[in-house]
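As structure tokens, the structure follows; a few thoughts come after it.
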Amino acid sequence: LLQRLWRSLGKKRKAQFAVLMVLMIFTSFAEVFSLGAVLPFLAVLTDPERVFRYDIVRMLAGLAGVTTPHGMLLPLTVVFALAALLSGGMRLLQAWANTRVSFATGADLSIALYRKTLYQPYAVHVSRNSSTIINAVSAKVMQLINGGVMPVTNMVTSSFILLSIMATLIAIDPVIALSAFGGFGVTYAVVIKLTRSRLKENSQLIARESTLVIKSLQEGLGGIRDVLIDGTQPVYCDVYSRAVFPLRRAQGNNTFINLSPRFVVEAIGMILIAGLAYWLAEQPGGMARAIPVLGTLALGSQRMMPALQQLFGGWSSLQGNSASMKEVLDMLEQPVQHISGEVNQEVLPFERLLALRKLYFRYTPDAPEVLREIDLEIPKGSRIGFIGTTGSGKSTLLDIVMGLLEPTGGAVEVDGTPVTRNNLRSWQRHIAHVPQSIFLSDASIAENIA
């Protein structure tokens, strides 16, 4: 699905996503800087004399004009504060850029989907449920953004940040870092295993029920005169409620699954830090050595857990919206029937006769013939009425004459010139159309009669 989505993007959006990747790298470096500043800051705070014994520390302190152990506290406080500001600013910029590009992508996809739909042949429109189109162009494109594009950008950003945090923590203390990451990772792995099938079922239910919600709204409001006259409001309210309750329940379940691991992981993190604090306090150096390491681990975990949660949240959003994403991508990839000629093309010459020659038509290859061997000549200036029983092919014949449907056999000729895709626009410039203004619900014949 993500590969298909990438192919649907324009060159401008792909370039913007490439810029986002560069920004993600700088954001991860800012995280490393802010996390790396914690250890010396806490070490100087707890035991400055011990830190000042290192030759490299005295050399760097001398370059900053610091000659005493306690004199290092102010410069390191300033460095730590600047690192925190830089990290927060980069995260804020990253969130702004991700959101801006993702929603611009959503607008592109919605426009492309609407354009492709409008350019579909008339036969496609008459065979397709209109509520499916409306739901795809409006609601499901937003599901694609919120459940596809945004989660992916957040997942990639979180992966860069997570890797940089892990690398920093491993450099400080490999055992503690790997223990923390292992504990968090196992928790999320268990949750993924338990929720995968549920998310897939919810995604299919959301895709189906969201279309039914739009359908019930269209039918209740589109036929409001009949609803008011017949007093069928309870029927339409019941249809709507049977669609909307399962939809909202599935969306709520997905939201809960998305958020729930965070609380478990936070509790595990507190237990892990408490256990590590006890273990470090028992080692040589006691709390003087433990506090800087624990402080760095606590801050690293505080940064790591949101990144892990974003990774899991992105995965669950992709799983929970995969069916809706597939529907939108299927419609984005539908072929467009290009018809030669512009609206302002020259009008096809029409001086004598409109003729139908051996005309055949069926809507699909396996459907019965609606029209069979129609031969008809209509002189220019004639007033013609088509009379026949319901389903005898009157509207279909007129749709063929107007160029909305393409005959499966025979031809429509104007002064002896066959109407084809190459000159269809020229012929349609002669045509004005007054429709039968009636409302039909997207339902079976029996339900429409009822």
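What to note about this one:
Each row is one residue, and each column tells you yes or no for (1) touching a helix residue (DSSP H, G or I) at 6+ places or on another chain (Cβ under 8 Å); (2) more than 30 Å from residue 27 (Cβ to Cβ).
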residue	(1), (2)
137	yes, yes
154	yes, no
175	no, no
206	yes, yes
212	yes, yes
239	yes, yes
244	yes, yes
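- Residues satisfying the stated conditions in the range 10-26, i.e. in contact with a Phe, Trp or Tyr (Cβ under 9 Å, 6 or more places away or on another chain) and closer than 16 Å to residue 158 by Cα: 17, 21, 24, 25
- Whichever residue in the range 437-450 is within 38 Å of the chain's Cα centre (by Cα) and part of a loop (DSSP other than H, G, I, E, B) and, among such residues, is modelled with the lowest pLDDT: 437
- Residue match in the range 178-188 (condition: open to solvent by less than 10 Å² (accessible area, probe 1.4 Å) and out of contact with any Leu (no Cβ under 7 Å at 6 or more places or on another chain)): no
- Index of the failed condition, residue 190 passing every other in (1) farther than 26 Å from residue 329 by Cα; (2) in contact (Cβ under 8 Å) with a residue 24 or more places away in the chain; (3) β-branched (Val, Ile, Thr): (2)
- Unmet criterion (only one of (1) under 21 Å from residue 440 (Cα atoms); (2) open to solvent by 60 Å² or more (accessible area, probe 1.4 Å); (3) modelled with pLDDT under 85) for residue 219: (2)
- For the range 403-420, taking the residues that are touching a helix residue (DSSP H, G or I) at 6+ places or on another chain (Cβ under 7 Å) and either under 15 Å from residue 363 (Cβ atoms) or assigned to a loop (DSSP other than H, G, I, E, B) (or both), the one that is most open to solvent (accessible area, probe 1.4 Å) is identified as 404.
- Residue in the range 202-211 that is farther than 30 Å from residue 311 by Cβ and touching a residue at least 12 places away in the same chain (Cβ under 8 Å) present: yes
So that you can scan it fast, the table gives a plain yes or no per residue for (1) farther than 27 Å from residue 201 by Cα; (2) at pLDDT below 75; (3) touching a strand residue (DSSP E or B) at 6+ places or on another chain (Cβ under 7 Å):
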site: 214; (1), (2), (3): no, no, no
site: 228; (1), (2), (3): yes, no, no
site: 232; (1), (2), (3): yes, no, no
site: 245; (1), (2), (3): no, no, no
site: 250; (1), (2), (3): no, no, no
site: 256; (1), (2), (3): no, no, no
site: 262; (1), (2), (3): no, yes, no
site: 270; (1), (2), (3): yes, yes, no
site: 282; (1), (2), (3): yes, yes, no
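- Screening 398, 376 for residues that are modelled with pLDDT of 90 or more and either within 46 Å of the chain's Cα centre (by Cα) or loosely packed, with under 13 Cβ neighbours inside 10 Å (or both) leaves exactly one candidate, 398.
- The range 96-131 - residue that is among the charged types (D, E, K, R) and in a helix (DSSP H, G or I) and, of those, surrounded by the fewest Cβ atoms within 10 Å (Cβ to Cβ): 115
The values are calculated or read from the model by the stated rules, or taken from the named source; none is laboratory data. As the structure is a computational prediction, the values presented were derived from the model and not from experiment. When we count neighbours, we look across all protein chains shown, and the Cβ atoms used for this are built from the backbone with ideal geometry, even at glycine. Surface accessibility is based on the protein's heavy atoms, side chains included, excluding ligands, DNA and RNA. Shrake-Rupley method; radii C 1.70, N 1.55, O 1.52, S 1.80 Å.
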